[in-house]
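Novice: Just passing along the structure, written as structure tokens.
The values are calculated or read from the model by the stated rules, or taken from the named source; none is laboratory data. All values derive from a computational prediction rather than experimental measurement. We place every Cβ from the backbone using ideal geometry, glycine too, and count neighbours over all the protein chains shown. Surface areas here come from the heavy atoms of the whole protein model, side chains and all, with no ligands, DNA or RNA. Shrake-Rupley method; radii C 1.70, N 1.55, O 1.52, S 1.80 Å.
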Amino acid sequence: MGNSGDDERGFFSERWLEPPAKDKAPRDKSTDKPHYHGHRDRLRERFVAGGADALPDYELLELLLFRLIPRVDTKPIAKALLARFGTFGEVLGAPVALLQEVKGIGPAVAVDLKVIAAAAQRMARTEVRDREVLSNWTQLLAYCRSAMAFENREHFRILFLDKKNVLIADEVQQVGTVDHTPVYPREVIKRALELSASAVILVHNHPTHPLLITMDHAPTH
């Protein structure tokens, strides 16, 4: 009996050390929803209603990042990317290593952005092809910038045109160092003859000034 009483006293003394239970009000699950979810819905609705032209660059990039980073507020990341690289096209054109230097962009997201960039470049190439390239310099320059503006070595690129200035082929002939690319006129002419090109556009980038791309138009004859 004595032992039983001691056990009971010990039991009750431990119980009193615990704070009395409080009635818990039912949790409003709607407060668990992150604030940016409504923003995402509104942004999608604006895109559906007005297309890409209805959104500034940072919102279009934000919309793209929704799928790549599903449970994070992507507005600060989109703005940081644009602050680092300049424009929407230049964000997609940036190398994987540089993309990952932006807070919030990991290896998987960086690679996903490059996949999207590759798709955009292919579409741009399709849009340029079969058109009079020399009457669409703005579009052509935008294509070149997205393709090579942020390469970390100089690329010497050649756009081959037919007699109507329509693009036949777009090829990188040489990849050089950070400040030099060798150019071999014989190889340029040889390839132009192989493609029956009437003119070429010679393009190369400057890694030390990534937003600068020089372009020269030279006939093959």
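Novice: I want to confirm something. Restricting to the stretch 90-100 and keeping residues that are modelled with pLDDT of 90 or more and open to solvent by 20 Å² or more (accessible area, probe 1.4 Å), which single residue is farthest from residue 155 (Cα to Cα)?
Specialist: By that ranking, first place goes to 100.
Novice: Also, I was wondering about something else. Kindly list, by first and then second residue, each pair from a residue in the stretch 101-122 that is surrounded by fewer than 11 Cβ atoms within 10 Å (Cβ to Cβ) to a residue that is at pLDDT 95 or above, limited to pairs with Cβ atoms under 7 Å and residues at least 6 apart or on different chains.
Specialist: Between residues of the stretch 101-122 that are surrounded by fewer than 11 Cβ atoms within 10 Å (Cβ to Cβ) and residues that are at pLDDT 95 or above, the close pairs are 103/80.
Novice: For the stretch 146-167, enumerate the residues that are crowded, with 17+ Cβ neighbours inside 10 Å and modelled with pLDDT of 75 or more.
Specialist: 154, 155, 156, 157, 158, 159, 160, 161, 167
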